[in-house]
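Here's the structure, in structure tokens; my notes come after.
The values are calculated or read from the model by the stated rules, or taken from the named source; none is laboratory data. Fair warning: this is a prediction, and the values are worked out from it, not measured in the lab. We place every Cβ from the backbone using ideal geometry, glycine too, and count neighbours over all the protein chains shown.
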Amino acid sequence: MALGTSRRAVLKASVAAMAAATMTKLAWAKQDGRKILKIAVQDFRPVFEPMHPQSAANVAYRVDESIFDGLLRLDYLGDFGVKPALASSIDQADETTYIVKLRPDVKFHDGTTLTAEDVAFSYGPERLLGDKAPGRQMKDRFLSSLKSAEPIDDLTVRLKTSEPDPVFQKRLATWGGQVISKRAYLAAGSFDNWARAPIGTGPFRVAEVKDKDHVLLKAHDEYWGGKPSLAEVRFILVSELSARVAGLLAGDFDLITDVTPDQIATISKAPGFKVLGGESAVLRNVNLDMAHNPVLRDVNLRRAMSLAIDRDAITKSLWGEKVSVPLGEQLKYFGDLYDPSRTSPAYDPAKARELLAKSAYKGERIPYRMLSGYYTNELAEAQILVAMWQQVGINVEIEIKENWDQVYQQPGTGLNNDTCQMIYPDPLSVLWRCYGDASSYQAEEKAWSNQEFNELGKRLQSSTDTAERKKVASRMLDIFETEDPPAIVLHTMTNLYGVRSGINWNPYPVANMDLRPNNISIGE
């Protein structure tokens, strides 16, 4: 707790020190008469192929959103409905067949024109469908039902699924549904070469990448959605929040990500600045690696760890009540599949001690690996959790690591931090995508597996009966939360951005940053 207080004091001091600079109007960087947007981020990935394993992360979603389009788009700022994008229409011919008509005269970043051949290749065996295709692992996670894609004519594509898929069009509208250039992919020579400089149809193209420093995107002026309002977008790596805040107020950056709630007032009160965003459709979890740490296999210990956490105290002290404690691993956006009858995870330290007494746990040290600031409030929250666990007799020790490889390196794993972003409004995009049999948690880390959970997940993704799907999702939540928990859900997250006042932009409730010309403009 002391460290959290100290950090806030340092941040306030940094803000105060920069206040004088904000009294002078800051000049905008420009090119060809348009603004250059400089965004300070806590991290980014130096690969931009959506189906590359390194791209399945919130820090990748925010950048790649500007590089690619899909056949469809999800209306994150409205009703979360599916809207046309590269497809002008999509018709379902039968329960497993979709006929897609493409928008004409769409240009890729290299000036070539989008055709049905590009769409078929994007979803085809060389990139996704083949057993040894480089994107197969991600395909199984994001487009699991996709079976084939074939061109009918230059602007028509037939897509087939292996089974009825209740969310197939939502999949096409979100992550994994991006369309790429067949010609550019084949010319790249290798998947890794391609991933660093891919060609899409989005409003910006990758112009320069310097790992651990910055990503430069330049405007794609032939963008089918209109000429971008920005000349360039620069994502600049600034790991420390205090440095991002200071740089924003000094005019080094125009927008900063991952602002903590305790900085809203200080940024907003500085002349010429504001904070955008709010609670997000992202769940914050602590994952439990019971496959490699035998201590965590005791379900009574796992249940006790959850019961020892006062989530309301955390959301008030660290988050200023800008986040909420969900009713389990689900979000209100799920509509008919949301179950309001479920309860939030309980806080009951007495019950936690009782379960510990029934368990085989004898006070063994449980490592808690993390990066110090990848997630908002990450270290401060971890320190609070460790203190709460200690109060009931659970010995957890924090281990700060330099990168994710070190976090997952064997031996010595135990707990690690995670978030689960809602890709589209359905339990498949949260509970199943993040913890199902194709998830990184099961398929890569091999930290947990539950046969019934996996069998139910298969039913959830193939049934088109809403009542049955809701029943299946409820049973999966029972397993996840109580019977065999692979993780501990804490609360939702925030997407808060510090922004110069001249920026008119509508942030999504997810990590993706939409910088298309219809969603961002900049005044003087």
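Is at least one residue of region 364-380 modelled with pLDDT of 95 or more, more than 28 Å from the chain's Cα centre (by Cα) and either assigned to a loop (DSSP other than H, G, I, E, B) or not assigned by TED's automatic domain parsing to the domain that holds P166 (or both)? The answer is yes, given that some residue of region 364-380 is modelled with pLDDT of 95 or more, more than 28 Å from the chain's Cα centre (by Cα) and either assigned to a loop (DSSP other than H, G, I, E, B) or not assigned by TED's automatic domain parsing to the domain that holds P166 (or both). Of all residues in region 170-218, those that are within 20 Å of the chain's Cα centre (by Cα) and under 30 Å from L460 (Cα atoms) total 10. Taking region 308-332 as the range and being crowded, with 21+ Cβ neighbours inside 10 Å, over 18 Å from I398 (Cβ atoms) and among the hydrophobic types (A, V, I, L, M, F, W, C) as the test, the residues that pass are W319, V323, L331.
Listed here are the residues, each with its yes/no results for (1) among the β-branched types (V, I, T); (2) part of a loop (DSSP other than H, G, I, E, B); (3) surrounded by fewer than 22 Cβ atoms within 10 Å (Cβ to Cβ).
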residue: F121; (1), (2), (3): no, no, no
residue: Q137; (1), (2), (3): no, no, yes
residue: D140; (1), (2), (3): no, no, yes
residue: I152; (1), (2), (3): yes, no, yes
residue: L186; (1), (2), (3): no, no, yes
residue: N193; (1), (2), (3): no, no, yes
residue: E208; (1), (2), (3): no, no, yes
residue: K212; (1), (2), (3): no, yes, yes
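Being modelled with pLDDT of 95 or more and surrounded by 22 or more Cβ atoms within 10 Å (Cβ to Cβ) is true of D165.
What number of residues within region 308-336 satisfy the criterion of being within 21 Å of the chain's Cα centre (by Cα) and outside any loop (DSSP other than H, G, I, E, B)? So the count comes out to 5.
The residues of region 462-494 that are without any contact (Cβ under 8 Å) to a residue 12 or more places away in the chain and either among the charged types (D, E, K, R) or touching a Pro at 6+ places or on another chain (Cβ under 9 Å) (or both), listed by number, are D465, E468, K471, D478. Listed here are the helices (runs of 4 or more DSSP H) enclosed by region 394-492 that have at least 3 residues being more than 18 Å from the chain's Cα centre (by Cα): 404-408, 451-462, 466-478. The single condition from (1) touching a Ser or Thr at 6+ places or on another chain (Cβ under 8 Å); (2) at positive phi; (3) buried (at least 18 other Cβ atoms within 10 Å of the Cβ) that G272 fails is (3).
Residue count for region 469-478, restricted to those that are touching a helix residue (DSSP H, G or I) at 6+ places or on another chain (Cβ under 7 Å) and either hydroxyl-bearing (S, T, Y) or over 14 Å from C434 (Cβ atoms) (or both): 4. Contact map, region 375-386: first residue under 15 Å from N58 (Cβ atoms), second residue among the hydrophobic types (A, V, I, L, M, F, W, C) and surrounded by fewer than 19 Cβ atoms within 10 Å (Cβ to Cβ), Cβ cut-off under 7 Å, separation 6 or more or different chains; the map is empty.
For every residue, the table says whether it meets (1) basic (K, R); (2) surrounded by fewer than 19 Cβ atoms within 10 Å (Cβ to Cβ).
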position: P427; (1), (2): no, no
position: R433; (1), (2): yes, no
position: W448; (1), (2): no, no
position: A467; (1), (2): no, yes
position: M513; (1), (2): no, no
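Evaluated against (1) of a type in the set (K, R); (2) part of a loop (DSSP other than H, G, I, E, B); (3) free of Cβ contacts under 8 Å to residues at least 24 places away in the same chain, K227 falls short on exactly one condition, (3).
Of all the residues in region 275-307, those that are of a type in the set (D, E), surrounded by fewer than 21 Cβ atoms within 10 Å (Cβ to Cβ) and in a loop (DSSP other than H, G, I, E, B) number 1.
Quick grid of which residues meet (1) aliphatic (A, V, I, L, M); (2) under 14 Å from R205 (Cα atoms); (3) more than 13 Å from the chain's Cα centre (by Cα):
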residue	(1), (2), (3)
G33	no, no, yes
V41	yes, no, yes
Q54	no, no, no
A57	yes, no, no
A60	yes, no, no
D64	no, yes, no
G70	no, no, yes
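Note on region 154-169: among residues that are among the hydrophobic types (A, V, I, L, M, F, W, C) and part of a loop (DSSP other than H, G, I, E, B), the one that is farthest from S462 (Cα to Cα) is L155.
Of all residues in region 110-133, one or more are at positive phi and among the small types (G, A, S). With respect to being of a type in the set (D, E, K, R), under 26 Å from R136 (Cβ atoms) and touching a strand residue (DSSP E or B) at 6+ places or on another chain (Cβ under 9 Å), K170 fits the description. Of all the residues that make up region 286-329, how many are among the small types (G, A, S) and within 18 Å of Y408 (Cβ to Cβ)? Looking only at that region, the number is 1.
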